Amino acid sequence: MDEEIVELLLGLAKDELGADLDNWQPGQLTTVLYDLLPYSGGVRPGWIDELRTGFPEFVTILRQTGRLQLAELLEGEAEAALNDPGLGRTDPVDWCRYRRQQHALAGPVEGQAELPLEPLPGSPTPVTQMPSLLAAAAAGSELLGELHEFALDVYRTKQEQPEHRLWRIAVLAGWICPSPVSPQYGPSMHAWSPDDPELTPARPLIAWLETYRVVLTESPELMDVLLTAFRDGSAAAPDGTEPLERLGAVTVADGRLEMTAVGVRGLFTRGRWADPAYWLLDPGQWWANLRSEDLRAFMTAASNLCLVEQAWSVQRWFEQADPLEFAYQLVRLGSQVHGAVLNTVFGYLLRIGLEAAPAVEEWLVTEELSGLGWIWFDAIGAPMAGIPTEHAQYLATTEMVRSLDDLRALLDRYAEYPPEPPLPGTTIDELMFSVPLRIGTARVNNLVQRVLNAELDGEPGDRDELLAIIAEARLELLE
């Protein structure tokens, strides 16, 4: 019997519900399974299968020790819960949303409008900001602050408040999950807490986006207004925009509505716009205490040619950055990224040059990056003594293969969705930072320009030649 998952269940019941085997109440097991275990941080993938195996054995032990009434109570409740095909989904946010809608605990949710798949024709490409800036905007939302305080009150009093003006949105947006015993925190409440010192910048945005989705789908008549405001820069403000203002999605002045950056981010979260790789990123300024998630967002956008005014944005960072501090930031990001993004990190370290050497030396003592470290020192003309291990060389080769695959994927993506307006040549030149040195030739750069630059007249065989070079380099690396 796997006792660990059962012990965790009983511990959560005691700590969160005041429940133990001497005073177990109907509904407490369901509450733990639906609203506590998925967010406990103590479960691993497949926990529900472990519990389906271990819990009947636990019930058997209860019977053997004479606790027949408790065994019958738990067995009946567990049979319904553990056979629920939705329980134990990898993403508890989706699972909680499904439950809220299925049980209709906040009133009818049938026929809610979906957020748009695409901007209106003639709209600019959506632009996002660095993750920490979006998270700061989300955490500063007046409405989210109210929902946080309301969820705290509901949880502390253990009383549902269906007549309260915030109840419906709090339930639908996952701040509160009504449960058989008492209301529990939902996924938005778990994601957003200004008192959590370990809070990662992305998490408040998760709660914000879910709340925005509910606010907007509850008032679908506002979607056309927001789409128009995004396309034109502003739109006439209709009645009913007050929740969006308190959320921080829009600003209203002199009867005109404008969208905020986080409001744009929340409006387009379906279809291809659900993938951040399609968004243009405004990286702002380089700063010394740059968060790793911000730098990762910058490097990812750079490798996808998705920075606003890419060549100028990159140049501005290099002009503002302290070379060695920037190098250390890039080096420490190396273990968190792969493929074209890691190769962009490598290329930017080459661009810094010899001043980056003290930072790159950290790669030499890290098995997963030492191969790239040796290649870097060779490339700047300052080869280091020794050679990487066979495993380190394998890892470096693997990353180069991944970067080639990423390049192929990028070419395919731009063939399916040609950028509008077309990419300038200076932006396309930046792509060479994300490809391995072995194909970083003038010929490849010319081919990339002719394939991606709509202002150039390409040859019929350019794309095939470029793909052949990528395939040949990939094959050579794998030999």
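Mind telling me which of the residues ARG443, ARG450 ends up being assigned to a helix (DSSP H, G or I), over 26 Å from THR397 (Cα atoms) and either out of contact with any Lys or Arg (no Cβ under 9 Å at 6 or more places or on another chain) or at pLDDT below 95 (or both)?
ARG450
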Matching residues in the stretch 426-439 (over 15 Å from CYS306 (Cβ atoms) and either open to solvent by less than 20 Å² (accessible area, probe 1.4 Å) or not in a helix (DSSP H, G or I) (or both)) number 3
Quick check on ASP275: is it at pLDDT below 95, within 27 Å of TRP317 (Cβ to Cβ) and open to solvent by 40 Å² or more (accessible area, probe 1.4 Å)?
yes
The lone condition GLU16 fails out of (1) part of a helix (DSSP H, G or I); (2) under 28 Å from the mean Cα position of the chain (by Cα); (3) charged (D, E, K, R) is (2)
Practice task
Please verify whether the stretch 439-446 includes one or more residues that are in contact with a Leu (Cβ under 9 Å, 6 or more places away or on another chain), small (Gly, Ala, Ser) and at negative phi.
Solution key: no
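Listed here are the residues, each with its yes/no results for (1) touching a residue at least 12 places away in the same chain (Cβ under 8 Å); (2) part of a helix (DSSP H, G or I).
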{"site": "LEU8", "(1), (2)": "yes, yes"}
{"site": "PRO26", "(1), (2)": "yes, no"}
{"site": "ASP35", "(1), (2)": "yes, yes"}
{"site": "ILE48", "(1), (2)": "yes, yes"}
{"site": "GLY66", "(1), (2)": "no, no"}
{"site": "LEU70", "(1), (2)": "yes, yes"}
{"site": "LEU74", "(1), (2)": "yes, yes"}
Among the residues of the stretch 199-245, the number that are surrounded by fewer than 16 Cβ atoms within 10 Å (Cβ to Cβ), in a helix (DSSP H, G or I) and touching a residue at least 24 places away in the same chain (Cβ under 8 Å) is 3
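Taking the stretch 444-479, which residues are open to solvent by 60 Å² or more (accessible area, probe 1.4 Å) and within 24 Å of LEU342 (Cβ to Cβ)? Explain how you work it out, then say what you get.
Of the residues in the stretch 444-479, the ones open to solvent by 60 Å² or more (accessible area, probe 1.4 Å) are 446, 450, 454-457, 459-460, 463-465, 472, 474-476, 478-479.
Residues satisfying the conditions are GLU472, ARG474, LEU475, GLU476, LEU478, GLU479.
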ASN23 fails exactly one of (1) surrounded by 12 or more Cβ atoms within 10 Å (Cβ to Cβ); (2) modelled with pLDDT under 80; (3) among the polar types (S, T, N, Q); (4) over 30 Å from TRP192 (Cβ atoms), namely (1)
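Could you please give the count of residues in the stretch 444-466 that are among the small types (Gly, Ala, Ser) and under 13 Å from TYR414 (Cα atoms)?
The number of residues fulfilling the criteria is 1.
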Across the stretch 246-265, the tally of residues that are free of Cβ contacts under 8 Å to residues at least 60 places away in the same chain, under 26 Å from HIS148 (Cα atoms) and open to solvent by less than 40 Å² (accessible area, probe 1.4 Å) stands at 4
Point to revise | Hey, ALA78 within 37 Å of the chain's Cα centre (by Cα), part of a helix (DSSP H, G or I) and among the small types (Gly, Ala, Ser) or not | key: yes
Across (1) touching a Phe, Trp or Tyr at 6+ places or on another chain (Cβ under 8 Å); (2) surrounded by fewer than 22 Cβ atoms within 10 Å (Cβ to Cβ), VAL337 clears everything bar (1)
Apart from one, (1) part of a helix (DSSP H, G or I); (2) under 24 Å from GLU355 (Cα atoms); (3) not polar (S, T, N, Q) all hold for GLY386; the odd one out is (1)
Within the stretch 274-287, residues being touching a residue at least 60 places away in the same chain (Cβ under 8 Å), within 24 Å of GLY140 (Cβ to Cβ) and not charged (D, E, K, R) number 6
For the stretch 365-379, pairs from a residue that is within 13 Å of LEU342 (Cα to Cα) and assigned to a helix (DSSP H, G or I) to a residue that is at pLDDT 95 or above and of a type outside the set (A, V, I, L, M, F, W, C), with Cβ under 6 Å and 6 or more apart or across chains, are LEU369/GLY334
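The values are calculated or read from the model by the stated rules, or taken from the named source; none is laboratory data. Because the structure is a prediction, the values reported are computed rather than measured. Reconstructed Cβ throughout: ideal geometry from the backbone, glycine too, with neighbour counts over all protein chains shown. Please note that ligands, DNA and RNA were not included when accessible areas were found on the heavy atoms of the full protein model with its side chains. Shrake-Rupley method; radii C 1.70, N 1.55, O 1.52, S 1.80 Å.
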